[in-house]
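Nothing in this text is a laboratory measurement; each read-out follows from the coordinates by a stated rule. Given the structure is predicted, the values throughout are model-derived calculations rather than measurements. Quick reminder, even Gly has a Cβ in these numbers, built from the backbone with ideal geometry, and neighbours come from all protein chains shown.
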């Protein structure tokens, strides 16, 4: 009987394919310093540089000016466009409106993993269903260029791209509007804070953002620069990027880039390097006193919440803090790429 059951199980696995692969993260000081032959299947080498000298140890973020000065190649790739600078914005205080530079802090992530496939057709993932798989807590729908806030509203013009419009009607290019509703105790804390604070501008209990998801055409890929960033001298087989060009609060922009390259020694494997940057308004870190004078809100200090060190943090999405959110997102990307391959092979 045991032999019969074993044979039946073997037949079922042979028909349906292997079980879905799950990935785990291994923290490393520098992803690009990990030799390719030391990468393990199902393991993501990950670093968000929170222990770097340039980074504020409390928040895990780096000042935009320091990032631009010390890591110019990274800044060029992970900004909305290479020459991007901190924007000039209008601020109103005491009834007086002035224009000043919006200072930013950056949360920067690098990760690398193997996909058991000779080539990855990244064009399959420039889609709404792919984004929906990465984080079910975020709802999204497609939009057109007419809906893009930097093109629609002049106060967000600083996030326009100099050489093209967002949301071009081209193959392998999709634009999205997304909403994430804060989870757990965060909405309650925000509601209480809105009742206590003097400012007429209320904090929303959700994050709205717009983004462009696209696969770069071959003539848009600067192989030399990308190879310098990945530290792998093999052909680049594809680049998938998501540019978050408008956010209703907390952030100014965000960018995720996945770079697929041929494995140096194994023709059946692809090396994927993921880089991400989220630009947070520096003003958030000056609001500590506003929160600390109310005992119940002391743990709602923005720096603590963003770093995932607050009792208000919860879940696996944005409410859990940027470090946890970034880890879960990259883990989801790796598992979608790997398991989609397995599903196709099983069919």
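Listed values, structure above:
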item	result
Degrees between helix 186-196 axis and first principal axis of the chain (Cα, 0 to 90, nearest 10)	10 degrees
Packing rank of 274-285, 127-138, where each peptide gets the mean count of other beta carbons within 10 Å, highest leading	274-285, 127-138
DSSP-defined beta bridges in the chain - what % are antiparallel, rounded to 5	95 percent
Candidates 306, 122, 192: whichever shows maximal mean-square fluctuation once the chain is modelled as a Gaussian network with Cα springs under 10 Å	192
Pairwise FRET efficiency - residue 99 versus residue 124, Cβ, R0 = 45 Å, nearest 0.05	0.55
Sites residue 223 and residue 203, calculated FRET efficiency, Cβ-Cβ separation with R0 56 Å, nearest 0.05	0.80
Under 15 Å from the residue 142 label point (7 Å along Cα→beta-carbon), backbone N, the stretch 208-245	211-215
C-alpha long axis of helix 2-16 to longest principal axis of the chain, angle in °	60 degrees
Sorted by Cβ neighbour density within 10 Å, fewest at the top, the residues 206, 325, 158	206, 158, 325
Which of 180, 81 has the fewest Cβ neighbours within 10 Å, and the rest in rising order	81, 180
Mean Cα-pair separation over length for the chain, i.e. relative contact order, pairs under 8 Å, 6 or more apart, %	21 percent
Length added when fully stretched, residue 231-residue 181, from 0.36 nm per residue minus Cα-Cα	14.2 nm
Centroid-to-centroid separation of the stretch 299-339 and the stretch 140-197 [C-alpha atoms, Å]	19 Å
For the stretch 214-253 versus the stretch 22-51, the gap between their alpha-carbon centres in whole angstrom	19 Å
Highest-fluctuation residue, 26, 212, 183 considered, GNM on the chain with Cα pairs under 10 Å	26
Normalised alpha carbon radius of gyration of the stretch 75-205 [divisor 2.2 N^0.38 Å]	1.36
Chain lengthening between residue 83 and residue 311 when straightened (0.36 nm per residue, less Cα-Cα)	78.2 nm
Top of 234, 154, 59 by mean-square fluctuation, Gaussian network on the chain, Cα under 10 Å	154
Stretchable slack from residue 164 to residue 293, in nm (0.36 nm times residue separation minus alpha-carbon distance)	41.7 nm
